[in-house]
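Notes for the one structure printed next.
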Amino acid sequence: MARYFLTRILYTLPVIWLVVSLVFLLIHLVPGDPIQQMLGEGAPAADLQAARHAYGLDLPLGQQYLNYWKGVLQGNLGVSLRYNQSVSKLLRQRYPYTLQLTLAALLVAIVLSVPAGVHSARRRNDWDDRVISVVSLWGLSFPNFALGPILILLFSIKFGWLPVSGSGTFANLVLPAITMGSALAAILTRMVRTSMLEELSHDYIRTARAKGVSETRVVYHHALRNAMIPVITVLGLQFGALLAGAIVTEKIFSWPGVGRLTVDAISNRDYYVVQGCILAIGLTYVAVNFLTDLVYSALNPRIRQ
């Protein structure tokens with residue numbers, strides 16, 4: 001296990017280097033002058049040059065790249081051009097909100113998909129299996145930017161059960177979590193169903209039933225444990241999709257997370273904040289996939305070979 005752990009770390013290091021490098025280079029390809037945006041169209045040329053020098057934007061691209069890497073390693077991601085605060089401080093303030101929303105959406109997806117997928121597999125080709133298939137297809141086809149406003153109109157404006165936007169309470173978390181988690185729930189439902197159908201057809205399941213083991217224990221203790229191995233892999237891969245979906249969802253519900261900060265920073269040409277936000281999301285995705293590999297290998301030791 002230790003050898004597998006070290007191997008995965010060695011595989012992860014080039015990915016981290018690639019993520020950091022792409023974040024730096026792609027932001028510099030975005031059109032527009034952030035200093036001009038910060039100081040205004042009528043700013044004197046001397047002030048523009050002084051500001052570029054202060055932020056290190058007048059240096060050659062290679063030197064800026066080395067300086068950026070030094071800052072990343074030291075935890076210094078620069079200073080926001082708009083907020084005049086450390087980007088690291090802004091991320092420390094906003095990141096917990098995004099992580100809270102993403103984990104809540106993940107929980108919603110698991111709670112909805114696992115029972116639905118198991119039930120659909122046990123009732124294969126029955127009417128309720130077909131209903132679950134249609135609902136999951138509908139969930140896959142409905143984007144976040146459309147589902148969010150509909151939930152607001154229904155549960156906030158029409159019935160007044162939940163707040164429209166903001167954060168701080170459990171009620172504020174419900175609608176954004178459902179908006180983000182519904183599409184993932186649809187994917188996982190189909191995945192659980194397919195995996196359960198395969199497990200229920202194996203010989204060890206027939207043997208357990210022949211020995212008189214209760215159907216509930218056969219399904220949930222034996223079949224589901226093995227069926228969840230590929231599902232866990234999909235969960236890790238889809239975590240990045242949830243982080244990307246948080247950008248739209250946070251904007252819709254005015255959720256004060258990294259996604260909303262990213263959108264505001266892009267509109268303000270705030271290079272350092274955009275870099276910091278994308279880097280935080282990218283590194284989180286890498287870390288989650290690394291942990292997924294470890295969990296997957298623990299559940300299925302053959303993977304280590």
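Number of residues in the range 232-266 that are hydrophobic (A, V, I, L, M, F, W, C) and more than 17 Å from Leu103 (Cβ to Cβ) equals 6.
For the condition farther than 24 Å from Val248 by Cα and assigned to a helix (DSSP H, G or I), Asp58 does not qualify. Restricting the search to helices (runs of 4 or more DSSP H) fully inside the range 86-154 and requiring at least 3 residues that are among the hydroxyl-bearing types (Ser, Thr, Tyr) gives 87-122, 127-141. Identify the residue in the range 183-229 that is over 16 Å from Ala121 (Cα atoms) and under 19 Å from the mean Cα position of the chain (by Cα) and, among all such residues, is surrounded by the most Cβ atoms within 10 Å (Cβ to Cβ). Step by step, filter the range 183-229, then rank; the result is Leu184. Confirm whether Tyr272 is in contact (Cβ under 8 Å) with a residue 24 or more places away in the chain and aromatic (Phe, Trp, Tyr). For Tyr272, the condition - in contact (Cβ under 8 Å) with a residue 24 or more places away in the chain and aromatic (Phe, Trp, Tyr) - is met.
Counting the residues of the range 61-85 that are among the polar types (S, T, N, Q) and not in a loop (DSSP other than H, G, I, E, B) gives 4. Only one of the listed residues (Ala241, Ala177, Ala171, Ala183) is of a type in the set (A, V, I, L, M), within 23 Å of Gly259 (Cβ to Cβ) and at pLDDT below 80. That residue is Ala241.
To keep it simple, each residue is scored yes or no on (1) among the β-branched types (Val, Ile, Thr); (2) over 23 Å from Phe24 (Cα atoms); (3) touching a Cys at 6+ places or on another chain (Cβ under 9 Å).
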{"residue": "Lys211", "(1), (2), (3)": "no, yes, no"}
{"residue": "Ala223", "(1), (2), (3)": "no, yes, no"}
{"residue": "Ile232", "(1), (2), (3)": "yes, yes, no"}
{"residue": "Arg260", "(1), (2), (3)": "no, no, no"}
{"residue": "Val273", "(1), (2), (3)": "yes, no, no"}
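When the residues of the range 117-151 are filtered to those that are in contact with a Lys or Arg (Cβ under 7 Å, 6 or more places away or on another chain) and small (Gly, Ala, Ser), the one that is nearest to Val174 (Cα to Cα) is Ser136. Within the range 256-269, the residues that satisfy the criterion of being surrounded by fewer than 24 Cβ atoms within 10 Å (Cβ to Cβ) and assigned to a loop (DSSP other than H, G, I, E, B) are Pro256, Asn268, Arg269. Looking only at residues in the range 143-182 that are over 21 Å from the mean Cα position of the chain (by Cα) and among the polar types (S, T, N, Q), which one is surrounded by the most Cβ atoms within 10 Å (Cβ to Cβ)? Selected residue: Ser156.
Counting just the residues of the range 20-43 that are assigned to a loop (DSSP other than H, G, I, E, B) and among the aliphatic types (A, V, I, L, M), which one comes out modelled with the highest pLDDT? Here the residue is Ala43. Within the range 77-88, restricting attention to residues that are touching a residue at least 12 places away in the same chain (Cβ under 8 Å) and within 20 Å of Ile35 (Cβ to Cβ), the residue that is surrounded by the most Cβ atoms within 10 Å (Cβ to Cβ) is Val87. For the range 112-142, a residue qualifies if it is under 30 Å from Gly259 (Cβ atoms) and either free of Cβ contacts under 8 Å to residues at least 24 places away in the same chain or within 15 Å of the chain's Cα centre (by Cα) (or both), and the qualifying residues are Pro115, Ser141.
If the requirement is being more than 26 Å from Ala244 (Cβ to Cβ) and in a loop (DSSP other than H, G, I, E, B), which of these qualifies: Gly168, Gly160? Among Gly168, Gly160, only Gly160 is more than 26 Å from Ala244 (Cβ to Cβ) and in a loop (DSSP other than H, G, I, E, B). Could you list all residues from the range 206-222 that are touching a residue at least 12 places away in the same chain (Cβ under 8 Å) and of a type in the set (A, V, I, L, M)? Listed by number, the residues that qualify are Ala208, Val218, Val219.
The values are calculated or read from the model by the stated rules, or taken from the named source; none is laboratory data. These figures come from a predicted structure and were not determined experimentally. All Cβ positions, even for glycine, are placed from backbone atoms using ideal geometry, and neighbour counts span all protein chains on display.
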